[in-house]
Amino acid sequence: MKGFPTARSSSKEEKPLSPLRARLHEVIFEADVFAIPSGIFSVELVAAARQQHRKVSTQVCRGCAKEGHDADAVHCKFCGSRL
């Protein structure tokens with residue numbers, strides 16, 4: 001069967017794949033090539049959207065004098081003292 005991809009068995013002899021199995025291998029490979037980068041992009045996109053919607057106050061911490069806390073924060077996210 002010329003033209004079909006081959007699979008190697010444990011005895012190192014080449015066996016031709018059936019057309020259906022060869023197509024299945026192709027589809028899985030194409031899905032992996034597409035899915036992994038698009039998944040990474042989606043995670044970054046969601047993280048950016050969440051960060052954009054986070055409300056930040058200009059309230060200054062009495063303990064460390066840093067600002068940039070969440071609007072609903074009770075404790076400083078840098079030193080842990082009460083705001």
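The values are calculated or read from the model by the stated rules, or taken from the named source; none is laboratory data. Model, not experiment: these values are computed from the prediction. Note that each Cβ is placed from the backbone with ideal geometry, even for glycine, and that neighbours are counted across all protein chains shown.
What to note about this one:
- Enumeration of residues in the range 25-72 that are acidic (Asp, Glu) and at pLDDT 75 or above: Glu26, Glu30, Glu44, Glu67, Asp70, Asp72
- Boolean, Val60 is in a loop (DSSP other than H, G, I, E, B), surrounded by 10 or more Cβ atoms within 10 Å (Cβ to Cβ) and β-branched (Val, Ile, Thr): yes
- Within the range 63-82, being assigned to a loop (DSSP other than H, G, I, E, B) and either among the acidic types (Asp, Glu) or loosely packed, with under 11 Cβ neighbours inside 10 Å (or both) holds for Ala65, Glu67, Ala71, Asp72, Val74, Gly80.
- Of all residues making up the range 15-54, the number that are touching a residue at least 12 places away in the same chain (Cβ under 8 Å) and touching a strand residue (DSSP E or B) at 6+ places or on another chain (Cβ under 7 Å): 3
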